[in-house]
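To start, the structure under review is shown below, and the notes come after it.
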Protein chains: 2
Amino acid sequence: MLYLVGLGLSDETDITVRGLEIVKRASRVYLEAYTSILLVDQSVLEAYYGRSIVVADREMVESNSDEILRGAQTEDVAFLVVGDPFGATTHTDLVLRARELSIPIQTIPNASIMSAIGGCGLQLYNFGQTVSMVFFLDNWRPASFYDRIKENRTIGLHTLVLLDIKVKEQSLENMARGKRIYEPPRYMTVGQCAQQMLEVEEDKKEGVYGPDSLAIGAARVGGRTEKFVAGTLKQLCDADDLLGPPLHSLVLLGSRAHELERDYAREFAIDKNVWDKTWSEQYETK
Amino acid sequence: MLYLVGLGLSDETDITVRGLEIVKRASRVYLEAYTSILLVDQSVLEAYYGRSIVVADREMVESNSDEILRGAQTEDVAFLVVGDPFGATTHTDLVLRARELSIPIQTIPNASIMSAIGGCGLQLYNFGQTVSMVFFLDNWRPASFYDRIKENRTIGLHTLVLLDIKVKEQSLENMARGKRIYEPPRYMTVGQCAQQMLEVEEDKKEGVYGPDSLAIGAARVGGRTEKFVAGTLKQLCDADDLLGPPLHSLVLLGSRAHELERDYAREFAIDKNVWDKTWSEQYETK
């Protein structure tokens, strides 16, 4: 059996009881560690599980999945995924390959940013499609998120923006020289995301949002140190110190926002006067 | 401290390790049991936790929340919610009241239908807003879901439809006589949902979907007996026997569906020929 086990969002105790039992008894345990991370190290997980785990990078999962699936027709293999196995990133290829090899599959769901973000006070019913934001480069500024946010905002819905993480990246120099030396991991902050969003709006000028649009920055969602900061996009450009360490996400408010959402999120406002004023100007009239 | 503890989707072992620790040590434990249910009884939970729990019905949570919150400034109260505490139903009122009473709050996230539905093979990125479907009555057929599905489909997105449950309902006769006798619980099936959807389309005739639109019925998502059945809405009207016992949900496919989604979901098709034919007629051309 191939078990896809969700680990939840924060630390080693966020695994479900059912998931933990599987991890303890599986023949081999892999940890998918390139689309999201827990807030604790691999060593903490290993101590907690009482066994070693293999970190599976993107290359291994995408090019060497038969090694992960080896023998899973008759023995149990656990593939651990931060959040929910079907959350932001699915592992469709791995599951399809397992099916080809006649390996039975079972999923152990867990918390995902896509529902835990509800802790910011906005109703999940009022969210449209989720988008991703990558680190811009000088000559590479993918802005497909903009059109999708536009679709959401046209019908008044909130948008959850998931932020890029870069782990096990090589510098161009090391890559050219074939050196397997990796840069320190980088996690996009709410400030960087808000800044890039405003840059793209300045380029496109379609008025999808602007410096005064309301948004909520979220840090370490679902964890013991979870933190939300609400304000305008312009305010959120400088709110990283308030939010603290990664991981960060951002929610852009839609016009269908309800008073109860306003009241709940107001608690997180950087400046309650700015929050109230912007709300009454931009949302109450819609 | 008020702890909002997600229980996950299926049975007593779906609670997280962190959540279980809190339940074991809290002064009082309440179970919210009117918006969703686990697939096991209260007695199973009580045996597993080694303590008694109080079932909180809608009346108690909405009208008598101060009893739930009593003393939570200094002692720990656990409020258990099936799925994720911020999943389909939030408990905004309870949290706002706790804030007024200066009670600290912590949330223990868990799996939600809103991410676990990804097990059907459709990418969560391609979902629009989630809608709810209630049991129609002769003179009460709320169809706001129709306009929201229309919004999603206009931009090519999938729609998750959450289905009504009725627990602790009184018959009109018993209500009139003031008798606290409750009807057996009712859970809407995929067949009932598909039927109601088609009735509303026949009324409105806006062509949002039709008998040949592709959809996926889901039963007991996240549980050991999870089951998906894919086909046209017309086929799904008669697929309840294939799906088995509650809880059910339904996903209506959007035109932005990707080949990989088709291949993954095809495994669940009632009739693979119908699936392939409908796909090539309705989706490949979009």
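The values are calculated or read from the model by the stated rules, or taken from the named source; none is laboratory data. Every value quoted in this text rests on a predicted model; they were computed, and no experiment measured them. Ideal geometry is used to build each Cβ from the backbone, glycine not excepted, and the neighbour counts take in all protein chains shown. What goes into the accessible areas is simple: the full protein's heavy atoms, side chains included, and nothing from ligands, DNA or RNA. Shrake-Rupley method; radii C 1.70, N 1.55, O 1.52, S 1.80 Å.
Table for the structure above
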{"quantity": "Complete set of residues in region B:21-53 that are loosely packed, with under 15 Cβ neighbours inside 10 Å and of a type in the set (A, V, I, L, M)", "calculated": "B:44, B:47"}
{"quantity": "Enumeration of residues in region B:108-118 that are open to solvent by 20 Å² or more (accessible area, probe 1.4 Å) and at the interface with chain A (Cβ under 8 Å from one of its Cβ atoms)", "calculated": "B:114"}
{"quantity": "Unique match (being at positive phi and away from chain A (no Cβ under 14 Å)) among B:71, B:121, B:50", "calculated": "B:71"}
{"quantity": "Wholly enclosed helices (runs of 4 or more DSSP H) of region B:81-172 bearing at least 2 residues within 15 Å of the chain's Cα centre (by Cα)", "calculated": "B:113-116"}
{"quantity": "Residue within region A:145-165 that is open to solvent by less than 10 Å² (accessible area, probe 1.4 Å), within 7 Å of chain B (Cβ to nearest Cβ) and free of Cβ contacts under 8 Å to residues at least 60 places away in the same chain present", "calculated": "no"}
{"quantity": "Some residue of region A:94-102 being within 16 Å of residue A:4 (Cα to Cα), open to solvent by less than 10 Å² (accessible area, probe 1.4 Å) and facing chain B (nearest Cβ under 8 Å)", "calculated": "yes"}
{"quantity": "Test: residue in region A:5-20 that is open to solvent by 20 Å² or more (accessible area, probe 1.4 Å), under 24 Å from the mean Cα position of the chain (by Cα), of a type outside the set (A, V, I, L, M, F, W, C) and away from chain B (no Cβ under 13 Å)", "calculated": "no"}
{"quantity": "Some residue of region B:179-192 being outside any helix (DSSP H, G or I) and surrounded by 21 or more Cβ atoms within 10 Å (Cβ to Cβ)", "calculated": "yes"}
{"quantity": "Only one of B:255, B:249, B:280 that is polar (S, T, N, Q) and exposed (fewer than 14 other Cβ atoms within 10 Å of the Cβ)", "calculated": "B:280"}
